[in-house]
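Q: Below is the structure I would like to discuss, written out as structure tokens.
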Amino acid sequence: AFYNQIYRGLDANGKILADDGTGKTVPASTGTYKTVIGHGLPKFEMGWTNTFNYGNFDLNFFLRGSFGFDLINTNRAFYENSSVAALYNIVKTKYFDPKLKDAQIFTSLYVEKGDFVKLDNATLGYNLNIAKKANGVQSFRAFLTGHNLFTITGYTGADPEVRYTDNLTGNILAPGIDRRGTWVLTRSFTVGVNIGL
């Protein structure tokens, strides 16, 4: 579980406010009340693979998802804060607040739901009818395969994949931290043929 302060907005000077445990707000820089603000491990994971055939065509796919977990978006903590990332372009996600002028203080502001569904791969194939063995060929199949075709998520980071360990320290007791080193997955396509002799 993530254990820290609950974000309660900004004061007139752009400083982060946090919950003091009684429903009132205090500056996060001096606040001491902490509580569970998220969970790094999913409550539910699913996968679905299937193959459909129609005439000479076949379609195979693998759909996967994880639900009920949170991620600490360290990219937002760094790149959305102009007082921290002064030499970089400011990232403007749906959580961006241009009034933020505080130091980098970790609160629930940077914890997001990581739920996602991904189409990891899909293959569309076509089998050519060969009546007789011609020139030693018994079967011929052409196919197109795509990897990382789409991701459905509300997470604003590069990839909502579950982080089972902290990829910076390797600590298995610190899941759910999306470090700044994470980069987007590439979408790739492969065209090929299978020839049976």
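Q: Which residue out of Ile130, Ile90 is β-branched (Val, Ile, Thr) and closer than 23 Å to Asp11 by Cα?
A: Answer to the check: Ile90.
Q: In this structure, does Tyr95 turn out to be modelled with pLDDT of 85 or more, within 17 Å of the chain's Cα centre (by Cα) and of a type outside the set (A, V, I, L, M)?
A: yes
Q: Let me ask something additional. From the list Gly176, Gly170, pick out the single residue that is among the small types (Gly, Ala, Ser) and open to solvent by less than 40 Å² (accessible area, probe 1.4 Å).
A: Gly176
Residue-wise test of (1) among the charged types (D, E, K, R); (2) more than 30 Å from Leu144 (Cα to Cα).
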position: Lys24; (1), (2): yes, yes
position: Ser29; (1), (2): no, yes
position: Phe44; (1), (2): no, yes
position: Thr51; (1), (2): no, no
position: Leu87; (1), (2): no, yes
position: Lys92; (1), (2): yes, yes
position: Asp97; (1), (2): yes, yes
position: Lys101; (1), (2): yes, yes
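Q: Further question on the same structure: Could you say which residue among Asn127, Asn81 is at pLDDT below 95 and either open to solvent by 40 Å² or more (accessible area, probe 1.4 Å) or small (Gly, Ala, Ser) (or both)?
A: Asn127
Q: Could you check Tyr164 against (1) within 18 Å of Phe2 (Cβ to Cβ); (2) crowded, with 18+ Cβ neighbours inside 10 Å and say which number it fails?
A: All conditions are met except number (2).
Q: Further question on the same structure: So, in region 57-69, exactly how many residues are open to solvent by less than 50 Å² (accessible area, probe 1.4 Å) and of a type outside the set (A, V, I, L, M, F, W, C)?
A: Total meeting the criteria: 4.
Q: Can you pull out the residues in region 27-56 that are open to solvent by less than 40 Å² (accessible area, probe 1.4 Å) and part of a strand (DSSP E or B)?
A: Thr35, Ile37, Gly38
Q: Can you find, within region 86-124, the residue that is least open to solvent (accessible area, probe 1.4 Å) among those that are among the aromatic types (Phe, Trp, Tyr) and touching a residue at least 40 places away in the same chain (Cβ under 8 Å)?
A: Phe116
Q: Residues that are touching a Leu at 6+ places or on another chain (Cβ under 7 Å): find the strands (runs of 3 or more DSSP E) completely inside region 91-194 holding 3 or more of those.
A: Where strands (runs of 3 or more DSSP E) fall fully within region 91-194 and carry at least 3 residues being touching a Leu at 6+ places or on another chain (Cβ under 7 Å), they are 116-128, 139-153.
The values are calculated or read from the model by the stated rules, or taken from the named source; none is laboratory data. Computed from a predicted model, the values in this text were never measured in an experiment. Virtual Cβ from ideal backbone geometry, glycine too; neighbours counted across all protein chains shown. Note: areas computed on protein heavy atoms with side chains; ligands, DNA, RNA excluded. Shrake-Rupley method; radii C 1.70, N 1.55, O 1.52, S 1.80 Å.
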